[in-house]
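Here's the structure, in structure tokens; my notes come after.
Readers should treat all values here as calculations from the given coordinates under stated rules, not as data from a laboratory. Only a predicted model underlies this, so the values are computations on that prediction, with no experimental measurement involved. A quick note on method: Cβ atoms are made from the backbone with ideal geometry, for glycine too, and the neighbour counts reach across all protein chains shown.
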């Protein structure tokens, strides 16, 4: 049995999408590029803030002998936001890790059909679990305050429905592109 090859692409600094000249798809592509820009900027900002917070946490603990409880908790919450927003962003770029051994062996139309099915399953999950479930969880936690930051826990939970909405948008965008690809002869 031959070894399974896992293909991973290097992360790009910016998405390289050819924007169609006119029509619905071009408008949606422009929206996608704007969402990409906001998500990547937010992730960069979060990483920068986390770096400052963790540096302050270490300095206050070892140099001042007075650890900051706020910086530790805030860094943890920012990490949650980074994972959820960053995960949705990477999904939108279609740069997430995938084992494509079986898919690469399929005929073109079957391969595209399987990709559409995968996007559909992800859409259902993103809508029901992340967006709807995340909104319900966020709403229920708005009355509870975080002990260190004194902010509602629901504010931290906003990242769940936000990442769900982003993932759902990316799924619908990808499905539309796959349907266009399926109906055309290009690969």
Of (1) 1.02; (2) 0.98; (3) 1.06, the label for Rg/Rh (Cα atoms, Kirkwood Rh) derived from the coordinates: (3)
Over the chain: helical MRE at 222 nm, DSSP H runs n ≥ 4 each giving -39500 (n - 2.57), nearest 500: -22500 deg cm²/dmol
Ranking of 46, 80, 158 by count of other Cβ atoms within 10 Å, fewest first: 80, 158, 46
Ordering of 160-167, 113-120, 89-96, 55-62 by burial proxy (mean other Cβ atoms within 10 Å per residue, highest first): 160-167, 89-96, 113-120, 55-62
Ranked 43, 171, criterion: other C-beta atoms within 10 Å, fewest first: 43, 171
Relative contact order (%) - the chain, alpha-carbon pairs under 8 angstrom, separation at least six: 23 percent
Likely footprinting exposure, 149, 128, fewest C-beta neighbours within 10 Å first: 128, 149
Angle between the chain longest axis and helix 159-183 axis [Cα atoms, degrees, rounded to 10]: 10 degrees
